[in-house]
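Some notes on the structure that comes next.
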Amino acid sequence: MERNADVYLFGQILATRSILLRDGFLKPDEYSEISEQYFLPGGETGTAATVLSSLGVSVKMDGTWIGTEVAPVLREFYKDKTVDLSLLTFRQDDPGVTDTVVIAGLVRSPMGRFQTLFSSGEKWWGTPAEEDIAGCRAAGIDPYFFGESQQAAEICVRLGIPYVTIDCRHDSYLHRHAAVNAVSHEFTAVQYPGMSAEEILGLMQSETDGLTVITQGGDDMLYGRRGEGVKRMAPFKVDVRSTLGAGDTFKAGCIYGVMQGMSDEELVRFASACSGIAISRFPLPLHPPTLDEVNGLINGK
């Protein structure tokens, strides 16, 4: 039987129109000059696949159904990379899922039709299968696809394959069984209003044996496991060109760390370095961090 990839990814895969502005963010009724613009693979899972491939990892991914506008972008981009697209459903009756992101340094504004898509009552994503996950060393699961996301996690648990997820509540199946749940400040602000990051971390630690990480942009990351106190780590200081893909790259770094058996401190530092390199360049898909670059930032080179 053919060996599966190192990592299985399930979640959001799309094509992103990214627009980098030259002189600050959009202002009403004022002209803005475009510095650079691209149409490249994106989404939480698509970006993680790009980064993991750059780190030397083979990836098999599934998730969003791919339409006629998105398919040629993905096929051309990944043709020379260690990313297997064979699980994806390619449709001929729909252009597919895209988004547009306007960026100026630390500020970005994503635009899309996700509220319309998710409220349509129609399924537009794949279904995970045990044979596609078996034999992988680690997995990454986005929480957005309801029962199918949990199904992917259940398969991982059954097979003993550690998985990384993002932005999952403390009382969710995905959080309770994850090797790592990387939670953003944007998520905690909505889900846990009025609670401090320390309080949220404590709540999340109490519900899992896995590692919880709360990222806070340029502020300290908080992390820890059940029974531990709050651990802190400052993010790497870099010149920010674009924050697009920062969180997705952090997730990819966590997956790599799990796959390599890193300690919690090593994993958080590695994921932070991946994200630091990502935000220092644009566009991320064309310039993903390499293992040498990540290790160089960690070691101060």
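Among SER18, SER272, SER263, which one shows the highest mean-square fluctuation when the chain is modelled as a Gaussian network with alpha-carbon springs under 10 Å?
Answer for the Gaussian network model of the chain: SER263.
In whole Hz, with x marking every Gly and Pro, tabulate ³J(HN,Hα) for the range 115-126 from phi via Karplus 6.51 cos²θ - 1.76 cosθ + 1.60, θ = phi - 60°.
Per residue, the Karplus-derived 3J(HN,Hα) values read 4, 5, 5, 6, 8, 6, x, 9, 7, 9, 8, x Hz.
Enumerate by residue number the GluC sites (Glu not before Pro) in the range 1-105 meeting two conditions: DSSP loop (anything except H, G, I, E, B), and at most 16 other Cβ atoms within 10 Å of the site's Cβ.
Here the sparse-neighbourhood loop sites are GLU2, GLU30, GLU33, GLU69.
On full extension of the chain, what length is gained from THR127 through MET233, given 0.36 nm per residue of separation minus the C-alpha to C-alpha distance?
Stretched fully, the THR127-MET233 segment lengthens by 34.5 nm.
Charges only on Cβ, +1 for Lys and Arg, -1 for Asp and Glu: so what's the dipole of the range 110-192 about the Cα centre, in debye to the nearest 20?
In total the dipole reaches around 120 debye.
Using DSSP to call loops (not H, G, I, E or B), can you name the GluC sites (Glu not before Pro) in the range 229-301 whose Cβ has at most 12 other Cβ atoms within 10 angstrom?
none
Which one, GLY217, VAL238, ALA252, projects farthest toward the positive side of the charge dipole computed for the range 213-252 from Cβ point charges (K/R +1, D/E -1)?
Farthest towards the positive pole: ALA252.
Could you tell me what percent of the DSSP beta bridges with both partners in the range 87-233 are antiparallel, to the nearest 5?
Beta bridges within the range 87-233, antiparallel portion: roughly 50 percent.
So what's the gap between the Cα centers of the range 90-111 and the range 239-273, to the nearest angstrom?
When both Cα centres are located, 23 Å separates them.
Hey, in the GNM for the chain with a 10 angstrom Cα cutoff, which one of GLY46, GLY253, GLY218 fluctuates hardest?
Residue with maximal mean-square fluctuation among GLY46, GLY253, GLY218: GLY218.
About the Cα centre, and with charges only on the beta carbon of Lys, Arg (+1) and Asp, Glu (-1), how big is the dipole of the range 1-154? Nearest 20 debye, please.
Roughly 220 debye for the range 1-154.
If each DSSP helix of 4+ residues adds -39,500 (n - 2.57) and the sum is divided by the residues in the chain, what number results at 222 nm, nearest 500 deg cm²/dmol?
-9500 deg cm²/dmol
Return the distance in nm (one decimal) between the two label points of a simple spin-label model at LYS79 and GLU207, each offset 7 Å from Cα along Cα→Cβ.
Result: 4.5 nm between the two label points.
Could you name the lysines whose alpha carbon sits less than 17 Å from that of LYS251, not counting residues in the same chain fewer than 8 places away?
Result set, ordered by chain and number: LYS60.
What fraction of the Cα pairs in the range 155-301, stated in percent, has a spacing above 25 angstrom?
For the range 155-301, the share of Cα pairs beyond 25 Å comes to 25 percent.
Starting with the fewest neighbours, write out TYR31, TYR173, TYR78, TYR256 ranked by other beta-carbon atoms found within 10 Å of each beta-carbon.
Lowest count first: TYR31, TYR173, TYR78, TYR256.
What trypsin sites (Lys or Arg not before Pro) in the range 111-207 are in a loop by DSSP, with at most 11 other Cβ atoms within 10 Å of the Cβ?
ARG113
Taking the Cα centre of the chain as the origin and placing charges on Cβ (Lys, Arg +1; Asp, Glu -1), which of ALA104, SER280, SER120 is farthest toward the positive end of the dipole?
Farthest towards the positive end: SER280.
Got a sec to turn the phi values of the range 93-109 into Karplus ³J(HN,Hα) couplings, 6.51 cos²θ - 1.76 cosθ + 1.60 with θ = phi - 60°, whole Hz, x for Gly and Pro?
So the Karplus estimates, Gly and Pro as x, are 10, 7, x, x, 8, 9, 9, 10, 10, 9, 10, 8, x, 6, 10, 8, 9 Hz.
Report the extension gain between ARG226 and ALA134 in nm, rounded to one decimal, defined as 0.36 nm multiplied by the number of residues separating them, less their alpha carbon distance.
That pair, ARG226 and ALA134, stretches by 30.3 nm at full extension.
Any idea how far apart GLN216 and VAL157 come out in nm if each label point goes 7 Å out from Cα toward Cβ?
Modelled inter-label distance: 3.1 nm.
Within the set LYS123/LYS237; LYS27/LYS81; LYS79/LYS123; LYS27/LYS231; LYS27/LYS123; LYS81/LYS231, which residue pairs have Cα atoms separated by over 32 Å?
Pairs exceeding the cut-off: LYS123/LYS237; LYS27/LYS81; LYS27/LYS231; LYS27/LYS123; LYS81/LYS231.
Radius of gyration and Dmax for the chain's Cα atoms, expressed in Å?
Cα radius of gyration and Dmax of the chain are 18.4, 61 Å respectively.
Which stretch or stretches of the range 73-87 have amide N atoms under 12 Å from the point lying 7 Å from THR290's Cα along the Cα→Cβ direction?
Counting only backbone N, you get no residues.
Using the Kyte-Doolittle scale, find the helices of the chain whose mean hydropathy is at least -0.5 and whose Cα atoms extend 18 Å or more along the helix's long axis, counting only whole DSSP H runs.
Long hydrophobic helices here: 146-159, 246-259, 264-279.
Spelling out what I want: for every residue of the range 180-188, take phi, set θ = phi - 60°, compute 6.51 cos²θ - 1.76 cosθ + 1.60 (Karplus), and round to whole Hz; glycine and proline get x.
Once rounded to whole Hz, the list reads 9, 10, 9, 10, 8, 4, 4, 5, 5.
Mean-square fluctuation check for the chain, GNM, Cα pairs under 10 Å: which of SER206, SER32, SER58 is largest?
In the Gaussian network model the winner is SER32.
Over the chain, what relative contact order in percent results from Cα pairs under 8 Å that are six or more residues apart?
17
Read-outs: derived from the displayed coordinates by stated rules, not from any lab. None of the values given here were measured: they were computed from a predicted structure. Every residue, glycine as well, gets a Cβ built from its backbone with ideal geometry; the counts of neighbours run over all protein chains shown.
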